[in-house]
Amino acid sequence: MNKVWISTLAVVLMATPAWAQDKTPKSDKAHGAAEVQKDILDHRAMADAHLTAAKCLESGKGEKACHAQLAKDCKGLGIGTLCGMKHKH
């Protein structure tokens, strides 16, 4: 074999593991039963925190106070201080 063919083959063989890797994000992979139950509980807790925040805003307490409580309620649950929710404004 000539050098060009061997070099090309070497490049293809070195790149093959990258092609064969599972590109599915970790968060999209199947969870075990315990992880699914934890996800369910976390989502329920986040929903409860947001419902409490909505009721707080409805009561007229103000966005600053309601978001402060939401941040406390969401600690350790979601992404960021407000359980991953972002408003358009």
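Computed quantities for the displayed model
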{"item": "Hey, Ala65 at pLDDT 90 or above, out of contact with any strand residue (DSSP E or B) (no Cβ under 9 Å at 6 or more places or on another chain), of a type in the set (A, V, I, L, M) and at negative phi or not", "result": "yes"}
{"item": "Unmet requirement for Ala34, which otherwise passes all of (1) small (Gly, Ala, Ser); (2) modelled with pLDDT of 65 or more; (3) within 24 Å of Met85 (Cβ to Cβ); (4) in a helix (DSSP H, G or I)", "result": "(3)"}
{"item": "Near pairs, Cβ below 8 angstrom, 6+ apart or cross-chain, from the stretch 39-63 (touching a residue at least 40 places away in the same chain (Cβ under 8 Å)) to any residue that is assigned to a helix (DSSP H, G or I)", "result": "none"}
{"item": "Matching residues, the stretch 51-85, being among the hydrophobic types (A, V, I, L, M, F, W, C) and closer than 23 Å to Ile40 by Cβ", "result": "Leu51, Ala53, Ala54, Leu70, Ala71, Cys74, Leu77, Ile79, Leu82, Cys83, Met85"}
{"item": "Among residues of the stretch 68-89, those that are surrounded by fewer than 10 Cβ atoms within 10 Å (Cβ to Cβ) and on the phi > 0 side of the Ramachandran plot, counted", "result": "1"}
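The values are calculated or read from the model by the stated rules, or taken from the named source; none is laboratory data. All values reported here derive from a predicted model rather than from experimental measurement. Here Cβ is always computed from backbone atoms with ideal geometry, including for glycine, and neighbour counts include all displayed protein chains.
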